[in-house]
Amino acid sequence: MYSQVWNIYVAVRTMATLKATPAILYILLALTQGTRHGYAILADVEERSNGSVGLGPSSLYYTLGRLADRGLIEEREHPSDPATADDPHAEQRRYFALTGRGKAWLEAELGLLTGLVDQARALGLKVGG
């Protein structure tokens, strides 16, 4: 219970210091599916955003570093996955995972955005298509 309250507290404090850009939101969404390496994150962001969020390797790793510095994600060891056993680059890849704090921050940001969209719709604006 204490850790959940702490994660929410830190998420709210982080919201004040970290701007929720589309790239950040899509990266964190990609990591809700589990530990991933950089290329898998890039591919997920590309697919989820229908190509509207353009990330290159340098901007991805810069953003991942910022998220890690704030405790929203963490770098993990290479997972022992039989599917990557034949991959010659598997050991060179850097893997990242969403932390509890990161999940709380993402949920808080998505809650704010959902509220904003609801208010826009109530005002008669066409949102999302």
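Read-outs throughout are calculated quantities, based only on the coordinates presented, and are distinct from any laboratory measurement. For clarity, every value in this text was computed on a predicted model and none was experimentally measured. Ideal geometry is used to build each Cβ from the backbone, glycine not excepted, and the neighbour counts take in all protein chains shown.
List of remarks:
- For peptides 94-107, 40-53, 62-75, 112-125, sequence by mean Cβ density within 10 Å, most packed first: 94-107, 62-75, 40-53, 112-125
- Local charge for V117 was computed over the other residues whose Cβ lies under 15 Å away, with Lys and Arg +1 and Asp and Glu -1, and equals 0.
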